[in-house]
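**Q** Just passing along the structure, written as structure tokens.
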Amino acid sequence: MPTLNDVLAGSLAQAVQVQQIIDALKGTPNKGVPVALVSLNDPNNYALTVQNDDPTNSKALSVLKADGTPLVVADATGVTLGAPVNLPANSINGGTAVADGSITNAKLGPDVARANLLVNPGFEWWQRGNGPYTANNAIGPDMWKMQLAGSDTYSLSRDTANVDTGSGACAAVSFTLGTGAGATVLYQGNLGDMVGSLNGVTVSLSMRVRTSVANAVRIGINNYYSSTSHFTYSGYHSGSGAYQTLTVTATLSPAPTVLQWGVFFAASCTAYLDNACLVVGSQAATYVPLHPADDLARCLRYYEAMALAGFPFAGQCTSTTQAFYPYLFKVRKAVTPTMTASAPSTWQGMAANGAGVAATAVTAALGSVSLDGGAMQITTASGLVAGNASVLAPQAGASLVAEGNP
């Protein structure tokens with residue numbers, strides 16, 4: 001709008017000055033915008049209406065904050081709001097105000113729950129024992145394996161005294177740096193059964209980590225393809241001594257042949273690991289505990305210590321010295337598992353009269369083990385009858401384990 005000049009007392013108003021006012025009120029192009037004033041209590045008209053008849057050049061309203069930045073701008077491109085925008089509760093109605101499917105993953109907050117792709121993400125299950133574990137490639141918490149680099153050493157145990165909020169157990173790692181140069185990792189991966197479903201996908205990993213040594217622990221994703229590892233890392237834990245959330249995002253492209261995600265150790269420290277989460281998308285997600293039944297079922301897919309209370313398997317005698325007992329796994333295995341049975345002295349077959357017949361040899365599987373089950377075969381000195389039914393009678397210390405690690 002052009003500048004309007006004051007008419008001083010005793011001065012004659014010139015036509016150009018009057019015309020300036022008229023142009024401003026009429027909205028003459030490049031000389032102002034029309035302003036129509038009506039009564040504030042008019043039921044049909046707004047008290048103030050601003051309109052520009054040239055839509056390509058509309059500069060209807062500009063309200064600035066004290067620092068000169070925009071608060072509200074209305075022009076031909078739409079309405080622009082400065083920050084912050086404070087919306088009262090329930091101020092955005094439903095319907096089509098927000099288009100369906102228009103909120104991208106990057107716009108989601110970390111506390112928006114999404115499907116966690118990890119096995120035993122909360123370090124709650126330790127079917128192989130509570131540790132300590134010190135060997136290279138040992139699996140401590142279900143499906144988490146420690147891979148040592150150089151002369152590094154570690155001790156890994158189940159811990160219930162230093163857990164994160166809302167957790168029953170965590171993994172405690174006492175790590176000593178040798179020549180590993182930050183490559184020692186507690187990882188979950190080599191999951192070939194997940195590779196195809198994640199080709200080209202962006203994933204985000206988060207984990208709660210506690211340590212008092214700076215630059216000692218970080219997490220990473222390995223997009224392994226063409227026989228080469230391609231790691232993407234998070235930042236290091238600050239060494240504050242408190243739990244911090246570490247996050248990393250990577251796109252699994254080109255198509256990976258192996259997937260790995262884990263915790264890397266670059267300096268001697270004691271670290272507590274808890275509540276990990278792997279989700280599809282560019283926004284990391286806060287850990288949400290799985291239902292215990294679902295959590296255990298994921299672990300059983302790779303490791304199952306079979307329940308041997310009472311008489312677990314019914315079978316048949318094939319001779320006076322042999323009987324076999326078929327069984328089914330609780331959960332179908334990811335790969336054909338290896339079966340491990342305890343010593344023959346911990347097993348008995350039952351004869352037709354109910355007497356126990358001690359085993360002299362035990363074979364964990366008759367023929368090939370499948371993804372779904374197999375059979376126990378025992379050999380005795382005598383006492384069985386070919387064709388008779390028999391049940392397996394485990395003794396003290398008996399165990400039967402199916403383990404199928406990809």
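**Q** Looking at this structure, is Thr245 among the polar types (S, T, N, Q), modelled with pLDDT of 95 or more and in a strand (DSSP E or B)?
**A** Working: among the polar types (S, T, N, Q): yes; modelled with pLDDT of 95 or more: yes; in a strand (DSSP E or B): yes.
Here the answer is yes, as Thr245 does meet what is asked.
**Q** Take the residues of segment 258-308 that are free of Cβ contacts under 8 Å to residues at least 24 places away in the same chain and not in a helix (DSSP H, G or I): which is farthest from Tyr243 (Cα to Cα)?
**A** In this case the residue turns out to be Ala307.
**Q** What number of residues within segment 321-336 satisfy the criterion of being in a strand (DSSP E or B) and among the hydroxyl-bearing types (Ser, Thr, Tyr)? Break it down into steps so the answer makes sense when it comes.
**A** Initially, segment 321-336 is screened for residues in a strand (DSSP E or B), giving 322-328.
When the remaining residues are screened for being among the hydroxyl-bearing types (Ser, Thr, Tyr), the result is 325, 327.
Result for segment 321-336: 2.
**Q** Specify which of the listed residues (Ala343, Ala352, Ala386) is in contact with a strand residue (DSSP E or B) (Cβ under 9 Å, 6 or more places away or on another chain) and at pLDDT below 90.
**A** Numbers: Ala343 fails: at pLDDT below 90; Ala386 fails: at pLDDT below 90.
So the residue among Ala343, Ala352, Ala386 that is in contact with a strand residue (DSSP E or B) (Cβ under 9 Å, 6 or more places away or on another chain) and at pLDDT below 90 is Ala352.
**Q** Picking from Val331, Val391, which residue would you name as being surrounded by fewer than 19 Cβ atoms within 10 Å (Cβ to Cβ), within 21 Å of Leu296 (Cβ to Cβ) and modelled with pLDDT of 90 or more? Step through it out loud before you land on a result.
**A** On the way: Val391 fails: within 21 Å of Leu296 (Cβ to Cβ).
From the options Val331, Val391, the qualifying one is Val331.
**Q** Does Thr338 qualify as being in contact (Cβ under 8 Å) with a residue 60 or more places away in the chain, in the same structural domain as Arg210 (by TED's automatic domain parsing), over 22 Å from Asp159 (Cα atoms) and among the polar types (S, T, N, Q)? First the steps, then the outcome.
**A** Working: in contact (Cβ under 8 Å) with a residue 60 or more places away in the chain: yes; in the same structural domain as Arg210 (by TED's automatic domain parsing): no; over 22 Å from Asp159 (Cα atoms): yes; among the polar types (S, T, N, Q): yes.
Judged against the criteria, Thr338 is not a match.
**Q** What are the pairs, 6+ residues apart or on separate chains, where a residue within segment 387-406 that is in contact (Cβ under 8 Å) with a residue 24 or more places away in the chain and within 18 Å of Ala358 (Cα to Cα) has its Cβ under 9 Å from a residue that is surrounded by fewer than 16 Cβ atoms within 10 Å (Cβ to Cβ) and β-branched (Val, Ile, Thr)?
**A** Short answer, once both residue conditions are applied: Ser399/Thr340; Leu400/Thr340.
**Q** Within segment 155-166, track down each residue that is buried (at least 19 other Cβ atoms within 10 Å of the Cβ) and modelled with pLDDT under 95.
**A** Hits for segment 155-166: nothing passes.
**Q** Might you check whether a residue that is farther than 26 Å from Val335 by Cβ, buried (at least 19 other Cβ atoms within 10 Å of the Cβ) and either charged (D, E, K, R) or more than 16 Å from the chain's Cα centre (by Cα) (or both) occurs anywhere in segment 195-206? Give the derivation first.
**A** Going through segment 195-206, the residues farther than 26 Å from Val335 by Cβ turn out to be 202, 204, 206.
Now restrict to residues that are buried (at least 19 other Cβ atoms within 10 Å of the Cβ): 204, 206.
If we keep only those that are either charged (D, E, K, R) or more than 16 Å from the chain's Cα centre (by Cα) (or both) as well, we get none.
The answer is no; no qualifying residue exists.
**Q** Related question: Which ones in segment 357-391 are under 22 Å from Phe329 (Cβ atoms) and part of a loop (DSSP other than H, G, I, E, B)?
**A** Ala364, Ala365, Leu366, Gly367, Ser368, Val369, Ser370, Leu371, Asp372
**Q** Residue check: is Ala359 without any contact (Cβ under 8 Å) to a residue 24 or more places away in the chain and either surrounded by 14 or more Cβ atoms within 10 Å (Cβ to Cβ) or closer than 30 Å to Ala138 by Cα (or both)? Spell out the reasoning first.
**A** Values: without any contact (Cβ under 8 Å) to a residue 24 or more places away in the chain: yes; either surrounded by 14 or more Cβ atoms within 10 Å (Cβ to Cβ) or closer than 30 Å to Ala138 by Cα (or both): yes.
Here the answer is yes, as Ala359 does meet what is asked.
**Q** Of all the residues that make up segment 337-356, how many are assigned to a strand (DSSP E or B) and surrounded by fewer than 18 Cβ atoms within 10 Å (Cβ to Cβ)?
**A** Taking segment 337-356 and keeping what is assigned to a strand (DSSP E or B), we get 338-341, 347-350, 356.
Applying the additional criterion that residues be surrounded by fewer than 18 Cβ atoms within 10 Å (Cβ to Cβ) yields 338, 340, 356.
Here the count works out to 3.
The values are calculated or read from the model by the stated rules, or taken from the named source; none is laboratory data. What you see is a predicted model, and the numbers here were worked out from it, not measured in a lab. Don't worry about glycine lacking a Cβ; one is built from the backbone with ideal geometry, like all the others, and counts go over all protein chains shown.
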